[in-house]
Amino acid sequence: MSETADAHDAPTSTGIDHKKLIMWLFLASDCMFFGTLISTHLLYRKLYPSGFTDAEGHQRFIQNLFNIELTSFSTFILLMSSFLMALAVSAMHKGEIKSFRRNVLGVIFFGLIFLGCQVFEFTHFYHQGLTIQNSVLGSTFYVLTGTHGTHVAIGVLWLILMYFYSFTGKLGGHMGALDVEVAGLYWHFVDIVWIIIFTAVYLVEYLGPNGFWGTGLPAVTK
Amino acid sequence: MSHDSHHDPVACKTELAPERSDLGLIRPDRTTGWTDWLTTVDHKKIGILYGAFAMFYFLVGGVEALAIRTQLARPDNDFITARMYNQLFTMHGTTMIFLGVMPLSAAFFNFLVPLQIGARDVAFPRLNAFSLWTFVFGAFVLNASWLFEFAHLAGWLNSFDWHKALVYTDFAPANGWFSYAPLSGTFGQNGQALRFTGVGTDFWIIGIQVLGIASLAASFNFICTIINMRAKGMTMMRLPVFTWMTLITAILIILAFPAITVALIELMFDRAFGANFFNPSAGGQPVLWQHLFWIFGHPEVYILVLPAMGIVSEILPTFSGKALFGYPIIVFSGAVIGFLGFAVWSHHMFTTGLGPVPTAAFSLLTMAIAVPTGVKIFNWLGTIWGGRVRFTPPMVLSLGFIWMFMCGGFSGVMHSSAPADSQQQDSYFVIAHFHYVLLGGVLLGLMAGLYFWFPKIFGRMPNAPIAYLASGMVILGFNLAFGPMHYLGLAGMPRRTHTYHAGNGWETWNYVATIGAYILGAGVFLAFANLAWTAFKGKKCSSDPWGGRTLEWSLPSPVPEYNFAQAPIVATRDAYFEDRHGGKRIAYENDGGEAGVHMPSQSWMPLVASTGFLFAGFGMPMMAMGVPHAGWIVITGLGVLILGIWLWAVEGPGGYMLKTPAAAGSPAPAETVAH
Ligand code: HEM
Ligand SMILES: [Cu+2]
């Protein structure tokens, strides 16, 4: 899976592998990407703090909609997957391919749980009346969290391919460990972004008596 | 690793024994002709392809511009319809910026950066090919909208049911190069997704998106290359200025493009899936589009100009016989421009009513950004000052660059004053401003670069008399065309209007501008034709016809596949020049020779993967406009993309060893040179 012209023999000017460097650059760019999406969501929350109107014409508050326990659970799962990813990377560095496989399977499994929760959440919200079309809130919420979900899905796909690739025996040595480490960087980043989204999109809605944006529900009721 | 021990070193890649990739397919390494160009991973060939496409699109954009100018030559003219006029100026702007200037800059990045830093390739050769083909397909998609427009005008589409869904107002994009919402977006409640404009906007959205991917991939690659693949002794402060400006440009691209990527996704969701990001009837804020666009858009103008500044910073010292005056300051001011470029976007939005504090802040910051720009101009003047100036064609064009760009800077500073700008906005004054910076600045700089490096690229010298004539025509025609627009703008002539009535006092200067535009067009055409002729038939020249300063001039022309037979070690800035004039400053490592140097294998996969964008690019606009089953084309495209990337990953980088002229190895150079 190595790409560079002569990565295995030529030392780089900085000592950082090309692949690791390019992943860092991609992540810098992705920061701006998510930054823009998150700003869009927050700007519209500030502008329209009071939620959305569902199909029956009822005013709905975002705190009624969110299932914060479920989202906290999936957040926790994603965090734990990062932990397993770190174990997988370190296993690879030690050349313990079996332990790598075990941990990577764990990451994939946790990633899939997270995605499952998101699918559940989306369908649930949809039935509660929040659609991409009926409000600005729906548009920003689904596109922001959906884009993050796509990142997770790409990560899962990448790791699945890597898992199977490891059986060909070609995922080994320094280059193999590097490939896994780069995938790990990506995974950790996607995880960190979720922590930010979870805070900025979910948790702040529960701050103070009226929610962070001022005119949320007076008291959070289910 | 196993793959490069498959072969003994060969003198020419056509001698390679057949090698199978890890996938079992025979690698297209031994090919020549078309296959070679389609599968190449050689940064020099990729650069030439970028350049050829860019020059082609410059001519396309030029024809569009001349149609616009023909229409405006006379008051109340009806040479083209208003509908066609909108499509023309939109495609003109979009073409010039995304398909002309950016890829021509990319051509220089590709060809020069590895040579200037003493490397044998870029960090990710196949990713580089992917960027090229993605650009090519993005450009196809954008221009494919013209095919629909012409087919519609000819009535060929009438027999299809779905034709009705496509007809709104336009087939080619027609919202201007910044596609402001709500015009580009939707209106109406709850997912009705009524649109102001037709399928052209969808072509624009997906086209720019694909081009953005190409730029991003290329930028990651070049930052990696510049940071990581410098020859020994090539410290950051010894990098040629062109390479520095490439680095800053690439950083701007990776930080600025995400804003437009997101904006385009949001707009696409509005149009295709009835979202409400910019839909005013559902509470969306069209002004958000303006912010997101210009957060990208202002850095973009520096993405356009910094490479040209880098080119000029190489040419002026060469033909003044002096080192660049104030190298660290030029580099630093480039970085400051890049940084401040992110803090001035709202100067494009003074008239939206930002409020007094933001308006004042953006005004001040915009004035501030003129300072590092001015610093550069003074440094260039300092470089020429007291030098033995040789007025070769590239030098003439570079001097034209300084002069014209400076004029554009002056009108730019005028815009920075918000009260003044509210008079100038959307008038021909703004057109004059950005053509002075973009055409008088960037295009002259890029043309100077073409005339400067063509002898290196093809080993042939462009015809000088024709070059002088063309340069003269370009500079004269340009000033005739755009100088009067300052006046027209201040006299109230609005931008983007397909005609004007007689009696406003605009007739004369419009007529003059059109004449100038034709002279300019003929000049650019002549300059390009001269170059095209040179590439095949020009007179052969030595490897260093100008007395160059940087490493690329130390190589034979045309440059061999492996670039450097032995890897260079440099002891100073401008090492090649100093080495010839001031004692030993370049040494060579003891590599290459019979043992050969490692070359990356060619591959079909970047091309295959980027074809996915072609499908997605055609399918997406059809889908947005409700053509049945078009969604499947998009899905096919994504499938092709993923498949291509997967095959690319598992085929492995491959590689072979290429013999180079005998390895000598040479003693280390003296450490430094005083500047
Ligand atoms: C001294 C530096 C510069 C200053 C102070 C400056 C200032 C401005 C301002 C305030 C505007 C907005 C005018 C309006 O719409 O009312 C503007 C427009 C524009 N500038 Fe500059 N500028 C500078 C350099 C450049 C450079 C280097 C480029 C590109 C190479 C450039 C390209 C453009 C373009 C394309 C527009 C028009 C955007 C549109 O379509 O509305 N400018 N400039
Ligand atoms: Cu600007």
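Quote to one decimal, in nm, the extra length available between B:Leu147 and B:Lys584 on full extension: 0.36 nm per residue of separation minus the C-alpha distance between them.
Working: separation 437, 0.36 × 437 = 157.32 nm, distance 5.89 nm.
Result: 151.4 nm gained on full extension.
Which value at 222 nm does chain A reach when only helices count, each DSSP H run of 4 or more adding -39,500 (n - 2.57), with the total divided by all residues and rounded to the nearest 500 deg cm²/dmol? Let's see the in-between values first.
Values: 6 runs with 146 residues, N = 222.
Helix-only estimate at 222 nm: -23000 deg cm²/dmol.
Nearest 100 Å² is fine: how much accessible area is buried between A and B, summed over both sides, with a 1.4 Å probe? Write out the running numbers ahead of the final one.
Values: alone 11490 and 25280 Å², together 32970 Å².
For A against B, buried area totals roughly 3800 Å².
Charges at C-beta only: +1 for Lys and Arg, -1 for Asp and Glu. How large is the resulting dipole of chain B about its Cα centre, in Debye rounded to 20? Can you show the working numbers first?
Values: 34 positive and 34 negative charges, 241 e Å.
Magnitude of the dipole: close to 1160 debye.
Ranked from highest to lowest mean number of other Cβ atoms within 10 Å per residue, what is the order of the peptides B:53-60, B:496-503?
Put in order of decreasing packing, that is B:53-60, B:496-503.
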- request: Working from Cα positions, state the angle (0 to 90°, nearest 10) between the long axis of helix B:125-153 and the longest principal axis of chain B.
  value: 30
Carbon/sulfur fraction of accessible area - the range A:76-210, other protein chains in place, 1.4 Å, %: 74
task: For chain B, report the accessible area per residue in Å² (1.4 Å probe, heavy atoms, rounded to an integer).
output: 35
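Taking only DSSP H segments of four or more residues, each worth -39500 (n - 2.57), what value at 222 nm results for chain B once the sum is divided by all its residues, to the nearest 500 deg cm²/dmol?
Roughly -20500 deg cm²/dmol at 222 nm, from the helical runs in chain B.
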statement: Once all protein chains are kept in place, A:Cys31 shows an accessible area at probe 1.4 Å, nearest 10 Å², of 70
- line: To the nearest 10 degrees, the tilt of helix A:136-165 (Cα long axis) against the first principal axis of the alpha carbons of chain A is 20
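Roughly how many debye, to the nearest 20, is the charge dipole of the protein assembly as shown about its Cα centre, given +1 on each Lys and Arg Cβ, -1 on each Asp and Glu Cβ, and no other charges? Write down the numbers at each step before the final one.
Working: 45 positive and 48 negative charges, 256 e Å.
Computed about the Cα centre, the dipole is about 1240 debye.
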field: Contour minus Cα-Cα distance for A:Thr150 and A:Ile68 (0.36 nm per residue)
entry: 27.4 nm
Degrees separating the helix B:241-273 axis from the principal Cα axis of chain B, which is the longest one: 40
query: What average number of partner chain Cβ atoms lie no more than 10 Å from the Cβ of the residues making up A:13-24?
result: 5
task: Give the ranking of B:Asp591, B:Asp29 by solvent-accessible surface, highest area first, calculated with a 1.4 Å probe.
output: B:Asp591, B:Asp29
message: Just the number please: accessible area per residue for the range A:76-210, 1.4 Å probe, all protein chains included, in Å².
response: 40
- request: For B:Arg83, B:Arg74, give the ranking by accessible area with the largest first, probe 1.4 Å.
  value: B:Arg74, B:Arg83
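Could you compute the net charge surrounding B:Ala587? Neighbours are other residues with a C-beta less than 10 Å from the C-beta of B:Ala587; K and R count +1, D and E count -1.
+1
What pairs from B:Lys45/B:Lys322; A:Lys98/A:Lys170; B:Lys322/B:Lys659; A:Lys19/B:Lys584; A:Lys19/B:Lys232 go past 26 Å between their alpha carbons?
Working: B:Lys45/B:Lys322 32 Å; A:Lys98/A:Lys170 14 Å; B:Lys322/B:Lys659 37 Å; A:Lys19/B:Lys584 35 Å; A:Lys19/B:Lys232 21 Å.
Correct reply: B:Lys45/B:Lys322; B:Lys322/B:Lys659; A:Lys19/B:Lys584.
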query: Taking every residue in A:158-171, how many Cβ atoms of other protein chains lie within 10 Å of its Cβ, on average?
result: 1
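If you roll a 1.4 angstrom probe over the protein chains with everything in place, what fraction of the accessible area of the range B:395-437 belongs to carbon and sulfur, to the nearest %? Spell out each step's value before the answer.
On the way: 1080 of 1480 Å².
Solvent-exposed carbon and sulfur of the range B:395-437 make up 73 percent of the total.
Per-residue mean of other chain beta-carbon atoms within 10 angstrom of the beta-carbon, peptide A:133-142?
Values: counts 13, 6, 6, 9, 2, 4, 13, 6, 0, 3.
Average per residue, whole number: 6.
The values are calculated or read from the model by the stated rules, or taken from the named source; none is laboratory data. Being a predicted model, the structure only gives us computed values, none of them experimental. Neighbour counts are summed over all protein chains in view; Cβ atoms, including those assigned to glycine, are modelled from backbone coordinates with ideal geometry. Side chains included, ligands, DNA and RNA excluded: accessible areas come from the protein's heavy atoms. Shrake-Rupley method; radii C 1.70, N 1.55, O 1.52, S 1.80 Å.
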